[in-house]
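Have a look at the structure below, then the notes.
The values are calculated or read from the model by the stated rules, or taken from the named source; none is laboratory data. If you're wondering where the values come from, they're calculated on a predicted model, not measured in any experiment. Glycine also receives a Cβ, built like all others from the backbone with ideal geometry; neighbour counts cover every protein chain displayed. Heads up: the accessible areas ignore ligands, DNA and RNA and are worked out on the full protein's heavy atoms, side chains in. Shrake-Rupley method; radii C 1.70, N 1.55, O 1.52, S 1.80 Å.
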Amino acid sequence: MEITIGKVAPEKMKARPADESSLGFGKIFTDHFFTMKYHSEKGWHDAAIGPYKNLSLDPAVMCLHYGQEIFEGMKAYRGKNDSIYLFRPEDNLKRMNVSAERLCMPDVDIDFVMEALKKLVMIEKDWIPHGSGTSLYIRPTMIATEPALGVHPSSEYLFYIIVGPVGAYYPQGFAPTRIYVSDEYVRSVRGGVGYCKAAGNYAASLYASKLACEMGYTQVLWLDALERKYIEEVGTSNIFFVICDDLITPPLTGSILSGITRDSVIKIAASWGINVLERQLSISEIIEASADGRLKEVFATGTAAVISPVGHIYYKGREHTINSGETGPLAERLYNEILQIQYGEKDDPFGWRMKIS
Ligand SMILES: *Cc1c(COP(=O)(O)O)cnc(C)c1O
């Protein structure tokens, strides 16, 4: 399939943000986006990079009624000498196909989408910010577009990729988060779609997040839906605990997302000789380890923040402080290591970095 390219006339291009220190996250999008359509009889067709614009959708399209919608999140980084890098992008597209299968949506050809993605990033390369920790966020999305009511898999889909500059997550250094353990509301259940980046998961998480926010906490720590006992994830990130000298994270049992940052942390820490365990952890084990001083660090992992240290955990009316509310040494070491790999500042022993320019 050919990718048609239609560029915006230079005089119609958007003004690029002058101040890279106030980019924030997810508010600014570039001049172009990639789209392709799917029809059950034609397969994927009409691949194009064109001007960023509103979508025109029939109000009956199925994504708006039944939530057949999935997405991904990754970044392009500007390194030294204006080199441009992606980080494990094929893993994101593979995961998108895993989500697609679960939601009865068509899979995409990873090589083809990689080519489209690289073309789009290169067309928008002047939008990639320069400051340390800044990047171009990439959001592949797939929505069901058959205009029909009635619950069944759509026969038509739109796949698109939008991109936009995002700021450094920690412009003033790490700020450990305060997390709230939700023992009433759950995010997902084994057998459900928790392992997919499916839009509905995030709608379902909002209410508990709102309650946490009202209590003065930044994120929700989710427990398993069946017993409300075992740790799952925090907000839209995976979670790690340092207990004594072990680094422990919940296993991938179907209700949590298989984070690429999670996998990177596991592999890097293991390569440093740290004992990494993927095992069930109950909230009571964490509270006990915190009480008797064995809990050294807690941090969340995800593409947006890379590593997000946790300073306080609220559970059943009590707040527990971790590492005096400060960032721990392992969180900091992992953060620096991953950023240096992503920005091309050090060796990439795992072959995760993809140089595209
Ligand atoms: C995206 C996401 C993560 C983190 O995945 P990364 O690939 O590391 O960005 C973790 N949990 C949920 C629920 C997510 O949506």
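Tell me whether the range 316-323 contains one or more residues that are crowded, with 19+ Cβ neighbours inside 10 Å, within 16 Å of the ligand (Cβ to nearest atom) and of a type in the set (A, V, I, L, M, F, W, C). The answer is no, given that none of the residues of the range 316-323 is crowded, with 19+ Cβ neighbours inside 10 Å, within 16 Å of the ligand (Cβ to nearest atom) and of a type in the set (A, V, I, L, M, F, W, C). Among the conditions (1) open to solvent by 50 Å² or more (accessible area, probe 1.4 Å); (2) over 17 Å from Tyr160 (Cα atoms), Gly79 misses just one, which is (1). Restricting attention to the range 82-137, the residues being among the hydroxyl-bearing types (Ser, Thr, Tyr), within 19 Å of Ala168 (Cβ to Cβ) and open to solvent by less than 10 Å² (accessible area, probe 1.4 Å) number 2. Here Phe33 meets the list (1) crowded, with 18+ Cβ neighbours inside 10 Å; (2) of a type in the set (Phe, Trp, Tyr); (3) modelled with pLDDT under 95 almost entirely, failing just condition (3).
For the range 314-357, name all the residues that are on the phi > 0 side of the Ramachandran plot, part of a loop (DSSP other than H, G, I, E, B) and more than 23 Å from the chain's Cα centre (by Cα). Those that are on the phi > 0 side of the Ramachandran plot, part of a loop (DSSP other than H, G, I, E, B) and more than 23 Å from the chain's Cα centre (by Cα): Lys316, Gly317. Highlighted here are the strands (runs of 3 or more DSSP E) found entirely within the range 186-299 that include at least 2 residues which are within 13 Å of the ligand (Cβ to nearest atom) and crowded, with 16+ Cβ neighbours inside 10 Å: 219-223, 231-234, 238-243. If the requirement is being within 16 Å of the ligand (Cβ to nearest atom) and closer than 19 Å to Gln342 by Cβ, which of these qualifies: Ser83, Ser99, Ser135? It is Ser135.
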